[in-house]
2 protein chains.
Amino acid sequence: MRKIYLEDTPLNEAQRRIANRISFQPQVEIIPTREALGRVTAQPIYAKVSMPNFHASAMDGIAVKAEKTYGADEQHPVRLRHLVDYVEVDTGDPIPNSFDAVIMIENVHQIDEETLEILEAVAPWQHIRPIGEDVVIGEVIVPDRHRLRPVDLGALLAGGNVTVPVFRKPRVAIIPTGTELIEPSENVAEGQIIEFNGTVFAAYLLEWGAEPVYHGIVQDDYELIKRAVKTALQSADMVLLNAGSSAGREDFTVHVVEELGEVLTHGVATRPGKPVVVGVIEEKPVIGLPGYPVSAYLNLEWFARSLVYHYYGLLQPERQRIKATVGRRIVSVMGAEDFIRVTIGCMDGQFIANPLTRSAGVTMSMVRADGLLRIPPGNLGYEQEETVEVELYRPLEQIQNTIVSTGSHDLSMDVLHSLLRKKNPERFLVSSHVGSMGGILAIQKGEAHIAGVHLFDEESGEYNQSYVEKYMKDKEVVLVQLVYRQQGWFVKKGNPLGISSVRDLVQPGITYINRQRGAGTRLLFDYLLKQEEVDRDGIYGYSREAVSHLSVAAAVAGGTADVGLGIYSAAAAMDLDFIPVAEERYDLLMSQAFYHSSQGKELLACIRSEEFASEMEALGGYSCRDSGKVFFSTAMLEI
Amino acid sequence: MRKIYLEDTPLNEAQRRIANRISFQPQVEIIPTREALGRVTAQPIYAKVSMPNFHASAMDGIAVKAEKTYGADEQHPVRLRHLVDYVEVDTGDPIPNSFDAVIMIENVHQIDEETLEILEAVAPWQHIRPIGEDVVIGEVIVPDRHRLRPVDLGALLAGGNVTVPVFRKPRVAIIPTGTELIEPSENVAEGQIIEFNGTVFAAYLLEWGAEPVYHGIVQDDYELIKRAVKTALQSADMVLLNAGSSAGREDFTVHVVEELGEVLTHGVATRPGKPVVVGVIEEKPVIGLPGYPVSAYLNLEWFARSLVYHYYGLLQPERQRIKATVGRRIVSVMGAEDFIRVTIGCMDGQFIANPLTRSAGVTMSMVRADGLLRIPPGNLGYEQEETVEVELYRPLEQIQNTIVSTGSHDLSMDVLHSLLRKKNPERFLVSSHVGSMGGILAIQKGEAHIAGVHLFDEESGEYNQSYVEKYMKDKEVVLVQLVYRQQGWFVKKGNPLGISSVRDLVQPGITYINRQRGAGTRLLFDYLLKQEEVDRDGIYGYSREAVSHLSVAAAVAGGTADVGLGIYSAAAAMDLDFIPVAEERYDLLMSQAFYHSSQGKELLACIRSEEFASEMEALGGYSCRDSGKVFFSTAMLEI
């Protein structure tokens, strides 16, 4: 198979190529109007009847002939005879032919059973809803290529359109390829990967108004993939292949498309998202999407979404955009368009955007992202405090109601989040994990509302306070105790290597996994090394950094490390043994402004609640004896 | 039955009452993750497996032990032996236990079948996707009370969650009441009303994540309605009754709720939307919605929507808001909150909001509305050119791509719209009908892009030009010919009254229906009266104004008028006879800036196309012999 190299086609050029090449001829189907929500009209729809189709009373009262009321006033009441000069009508009732106005019941005086008196003349057509007030026969209710909303359905029915001609939804075949793939399962053997991209594609396609057709997993085999594509093309309007879109040994997509049709683009100048195949077979678009989830979803939006809207002849809706301040410097490469997932915090009314991981393999970065920052090809990135425009992934009001949490990770934050939402459904808490020192810096820069910190000071023998005093000189902040927690060694069940102290780690053949610089657990480890006078160079694996307790536990459980330091609950989650080393204080650092805000008060109420204490202590390795206590406040204000 | 009067409860007070009174206890159901799009999580969801659950290659290349590469550079290439020092790996392959780094295939030189050479050392863990890079076992994937998006489904599956616990959707029973109601049909007898509100309610509820349960029409009978409510309450979480929510003779809702439970609110201080019943039966909300569509949909949003979000414990998403300039003065009443449907035009980058009809009975005003303007109770309205905030009903980018058309209505505008959308799917054309003079004033004020005009000047014997010269002194505008059209008398089939000239209209017993002041057809009628020296006071019905050709035709077809003046196609639509009176010129007035804009060019291309001419002439009564011709230009620029 001849080698094909990826191009660096500009994204908009690649989009233009396929849009110009494909001309969909959507079929029309007639469906019941009641089931037409979200469907797209195939022609302008005209009213077949008028609504109302009779003159109707707009009030509860009496129908009269206006002429008969002329001259009536307080001095000259006019009497009306039942069935001759008036009839009773309720709102919505037809007006009999001989009458042409309605008088409200409040303005009528009963004289006897057959006679009423009025004190005011009325104009013809007063309080009458004329024929066709709502919808007039023959008028256009909705134009063609219009996506039907709830009110449109009402107007269509009002105009006598019981059915409506709409475009058949475009059928989009989804073909996952990969010998390592398995259907979703709780039991995943090593080397297996759960196929989940197909579900994400299908869900997006549903949202855009297409009909996803899931093909089932195909092995990495040229002939099998080719056969799957040919089968799919029999009924589909578009085919998506995932993955195998790059230029590697087992990347068959580009070759299959080339054999069966024409490759328009192989590779776009974006990061992430570069390795995409855009082609045409039998006049239908065939898109080879990359395997990495983030690359796949971005390409899905760039190509599949725009083709679905192209099919209907509709404008693609845009995401809401806001201006935000860059919290941390963001570097971009020349020549490629960068798409950076960001979190957005609303701090004192200002939006602060911070980049999430740029790895295209991290689905969770899409889950956690509040927005997407697009950096044009000629731009080298943004400095801290620059203003940028961000496309929102979450509604603005959610972002405004979100407490941004950073610093060290602890499971207590998850429990707290859950409790906060239960008590205050409109609030959200979003956490990122940058270690305790990172948390202090984030509070200093105003990037986050709260930061979890557990920094041991060797000199004072205390937690956190000395660090806050040092780094928060000009800030009014508060240290609130969240939990005490056990730190200890993570080892395989039964502790086969017999580890009990930091001295045991220098034995030959023992691999350690460390935490990243700035993590409180790393400081604790360094303190232990110093206390026991162990040289860090003697620790094999000292330089390998994991970013969370769970990652450390996962490495030990996975066998790539023998031991790591972390909290009890992470060891328990991974079914590891835990050898206690120290109890540490895990505090929340926050500005005094936040502490006194309504969000802050709600959060504190949760921290101080009995529910929080009982849930935490049930996890094991935690104590809530001081939860919610203010340990330190910079400005010594009354808290 | 005792009389109950409507209150004027402030809207937010009424909302608070019901929200505080109802505490939903949603049931939890476990459903397949693949089918969970849009569902709301009942608890935080943790990863059950790590993704990947093995160390995986992030590149196509070879897996090596990093140590073996140390010291390699251009001068000191390092040779690696197959299966001993390296193995081939593709992206996603597991890294065998003895290796700890990956070198990209591009950086490897093949020496022989068994030997490779590298020129650069690599660090441990280079190009390796560690266990759990995507999702780490035990981490929170999504919090509770989270509405699942496509990416969330991917992350849930990646973390081994094949099923997910979600809240059962709230079941909302919809009970339409009314003896005049019929199920949707094309055949509507006089006095019958198509039940369409229920379909609109159901569609909105679907969009909000509820499960609508349509009950079927119930007659206006106290006992029948009561029974329907009791039946619905057996399975529903909320009941909607429509209509009968006011205080009239046959408005039973408030009495039924009072008998079975408790009425919290009867009447809110809003216009429209006042007559609503909000109550509680068996701890479930029961909402009596007004019959007028606009009132019903607004109340549905105020109460049913907020209760659906309350059920899930979710924040209600807000509509996008923009600042707009008021195009025409809007008057409001003290003491009530006004909700004005508006159209929004984007004129030279500025948004201009103009009120639509305020009648609560006009469903089409909801279809046509671009947004909603909320006027607080203490506010008397807005003057022209004031800036207001408007909630958008249509996406902003649609509004920005919309050509705003006003003036006189003609079917050619519908044909033009359809053609424009076919040729330029991203464009929209929105028409409102204010008559020819209204159209000229709108162009003068910059409220619209184009205006349809057909104003006959008695003195010059010409159409349109003299009016434009008079009213557009300082404006650079263009008159573009759209169509010639036949005006004539609308009469019943066979012309039973033998009408052929304006003189016949003064015969006793003949009822005329006129057009509104400023309409070109009205000017033509006045001209005919003058020519024939007929006194307008002799015309019975001269003062009754209809706002469109179709409305005039509907009045004649409905028998409330004997004759009206209008265009051929409207007579044909209503199956009336048409007696030609005159051919008139229907032009489009537009600014020269618009004429030269890309929108303007697209529109002109449609007007000058053969498709337009053939579609118009097929309608009958039209000629396109000059369509697209520029008849007049104020500034005498080269057009």
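The values are calculated or read from the model by the stated rules, or taken from the named source; none is laboratory data. Owing to the predicted nature of the structure, the values given are computational and were not obtained by experimental measurement. All Cβ positions, glycine included, derive from the backbone under ideal geometry; neighbour counts span all protein chains shown. SASA here: full protein model, heavy atoms, side chains in, ligands and nucleic acids out. Shrake-Rupley method; radii C 1.70, N 1.55, O 1.52, S 1.80 Å.
Tell me which residues come under 5 Å, amide H to amide H, from A:V135 once H is placed; ignore anything under 5 positions away on its chain.
Long-range HN contacts for A:V135: A:M51.
Using 0.36 nm per residue of separation minus the Cα-Cα distance, give me the extension gain between B:T163 and B:T357 in nm, one decimal.
64.9 nm
If you scale each eigenvalue of the Cα gyration tensor by 5 and take the root, what three semi-axes come out for the stretch A:467-512, rounded to whole angstrom and sorted largest first?
Each semi-axis is the square root of five times an eigenvalue, giving 38, 15, 7 Å.
Pull up all non-local amide H partners of A:D220: gap of 5 or more, or a different chain, and H-to-H distance under 5 Å with H placed in the peptide plane.
The answer is A:G178, A:T179.
Per residue of the stretch A:363-373, in order, report the coupling 6.51 cos²θ - 1.76 cosθ + 1.60 (Karplus, θ = phi - 60°) as ³J(HN,Hα) in whole Hz, putting x for Gly and Pro.
Per residue, the Karplus-derived 3J(HN,Hα) values read 3, 4, 5, 6, 5, 7, 5, 8, x, 10, 10 Hz.
Over both sides of the A-B contact, add up the buried accessible area with a 1.4 Å probe and give it to the nearest 100 Å².
It comes to approximately 9000 Å² buried between A and B.
What ranking do B:596-609, A:264-277 get when scored by the average of other Cβ atoms within 10 Å per residue, highest first?
A:264-277, B:596-609
List the residue from chain A whose beta-carbon is nearest to the axis that rotates chain A onto chain B, together with that distance in whole Å.
A:Q320, 3
Sort the stretch B:149-199 into rounded, prolate or oblate with this rule: let a ≥ b ≥ c be the square roots of the eigenvalues of the Cα gyration tensor; rounded if a/c is under 1.5, and if a/c is not under 1.5, prolate when a/b is larger than b/c, oblate otherwise.
prolate
Can you give me the pair-distance distribution of the stretch A:329-394, C-alpha pairs, 10 Å bins, whole percents?
Answer for the stretch A:329-394: a P(r) of 22, 54, 23, 1 percent.
Hey, can you grab everything whose amide H is under 5 Å from the amide H of A:T9? Only 5+ residues off in sequence or another chain; H modelled, so Pro and N-termini drop out.
A:V268, A:A269
Using the basic label-point model (7 angstrom from Cα toward the beta carbon), what is the A:E258 to A:E611 distance in nanometres?
The two pseudo-label positions are separated by 6.0 nm.
Once you put a point 7 Å from the Cα of B:Y70 and another 7 Å from the Cα of A:D221, both along the Cβ direction, what distance in nm separates them?
Result: 4.5 nm between the two label points.
Taking a label point 7 Å out from Cα toward Cβ, give me the nm distances from B:R503 to the same spot in the other copies, shortest first, one decimal.
Going from nearest to farthest copy, the values are 12.9 nm.
Within 10 Å of each Cβ in A:567-575, how many Cβ atoms from other chains are there, averaged over the peptide?
Going residue by residue through A:567-575 and averaging, the value is 2.
When DSSP beta bridges are limited to those with both residues in the protein assembly as shown, what percentage is antiparallel, rounded to the nearest 5?
70
Can you give me the angle between helix A:435-445 and the longest principal axis of chain A, using Cα atoms only, in degrees from 0 to 90, rounded to the nearest 10?
50
Rounded to the nearest 5, what % of the DSSP beta bridges within the stretch A:56-129 are antiparallel ones?
Taking every DSSP beta bridge within the stretch A:56-129, about 95 percent pair in antiparallel fashion.
When the label point is put 7 Å from the Cα of A:K475 along its Cα-to-beta-carbon vector, which residues of the stretch A:392-411 have a backbone N closer than 20 Å?
Those under the cut-off are A:402-410.
Carbon and sulfur: what percent of the stretch B:406-457's accessible surface (1.4 Å probe)?
Carbon and sulfur: 53 percent of the exposed surface of the stretch B:406-457.
Considering the alpha-carbon set of the stretch A:123-187 alone, what are its Rg and its Dmax in angstrom?
23.7, 81
Once you place label points 7 Å from the Cα toward the Cβ at B:E117 and A:R503, how far apart are they in nm?
5.1
From the gyration tensor of the Cα coordinates in chain B, what semi-axes in whole Å does the equivalent ellipsoid have, largest first, with each one equal to sqrt(5λ)?
62, 40, 21
Kindly give the distances from B:Q234 to its copy-mates, label point to label point, with each label point 7 Å from Cα along Cα→Cβ, as nm values to one decimal ordered shortest first.
Once sorted, the set of distances for B:Q234 reads 4.8 nm.
What average number of partner chain Cβ atoms lie no more than 10 Å from the Cβ of the residues making up B:196-207?
6
List the lysines whose alpha-carbon lies under 29 Å from that of B:K601, not counting same-chain residues fewer than 8 positions away?
List returned: B:K323, B:K422, B:K423, B:K445, B:K470, B:K473, B:K475, B:K629.
Kindly tabulate the residues in the stretch B:71-99 with an accessible-area decrease of at least 50 Å² between the chain alone and the assembly of all protein chains, using a probe of 1.4 Å.
The answer is B:D90 - residues whose exposure falls by at least 50 Å² when every protein chain is included.
Return the ratio Rg/(2.2 N^0.38 Å) for the protein assembly as shown, where Rg is computed over Cα atoms only.
1.09
Post the alpha-carbon centroid distance, the stretch B:386-451 to the stretch B:252-298, in whole angstrom.
37
Whole-Å semi-axes of the stretch A:227-318's equivalent ellipsoid, largest first, each the root of 5 times a Cα gyration tensor eigenvalue?
20, 18, 10
Measuring with a 1.4 Å probe in the full set of protein chains, what accessible area per residue, in whole Å², belongs to chain A?
40
Between A:D526 and the same site in the other copies, what are the distances in nm, shortest first, taking label points 7 Å from Cα along the C-beta direction?
9.0
Got a sec to turn the phi values of the stretch B:352-360 into Karplus ³J(HN,Hα) couplings, 6.51 cos²θ - 1.76 cosθ + 1.60 with θ = phi - 60°, whole Hz, x for Gly and Pro?
Computed from phi, the couplings for the stretch B:352-360 are 10, 9, 10, x, 8, 3, 9, 5, 6 Hz.
What translational D, rounded to a whole number of µm²/s, comes out for the stretch A:56-129 from Stokes-Einstein when the hydrodynamic radius is the Kirkwood one over Cα pairs, at 37 °C and 0.692 mPa s?
Rounded to a whole number, D works out at 278 µm²/s.
Could you tell me the ratio Rg/Rh of the stretch B:394-484? Both radii from Cα atoms, Rh via Kirkwood.
1.00
How much of the pair distance distribution for the stretch A:544-632 lies past 20 Å, counting alpha-carbon pairs only, in percent?
Here the tail beyond 20 Å accounts for 49 percent of pairs.
Compute for the stretch A:404-633: radius of gyration divided by Kirkwood radius, i.e. Rg/Rh, restricted to C-alpha atoms, rounded to two decimals.
0.98
Can you give the calculated 222 nm mean residue ellipticity of the protein assembly as shown, where each DSSP H run of n ≥ 4 adds -39,500 (n - 2.57) and the sum is split over every residue, rounded to the nearest 500 deg cm²/dmol?
Rounded to the nearest 500, the figure is -7000 deg cm²/dmol.
Averaged over B:546-557, how many beta carbons belonging to a partner chain fall within 10 Å of each residue's beta carbon?
Mean partner-chain Cβ count within 10 Å for B:546-557: 4.
Place a point 7 Å from the Cα of B:K530 along the Cα-to-Cβ direction; which residues of the stretch B:450-481 have their backbone N under 11 Å from it?
B:456-461
Taking only the alpha-carbon positions of the stretch B:137-250 and ignoring solvent, what does the Debye formula give for the base-10 log of I(q)/I(0) at q = 0.14, 0.21 Å⁻¹?
Values returned for q = 0.14, 0.21 Å⁻¹ are -0.70, -1.14.
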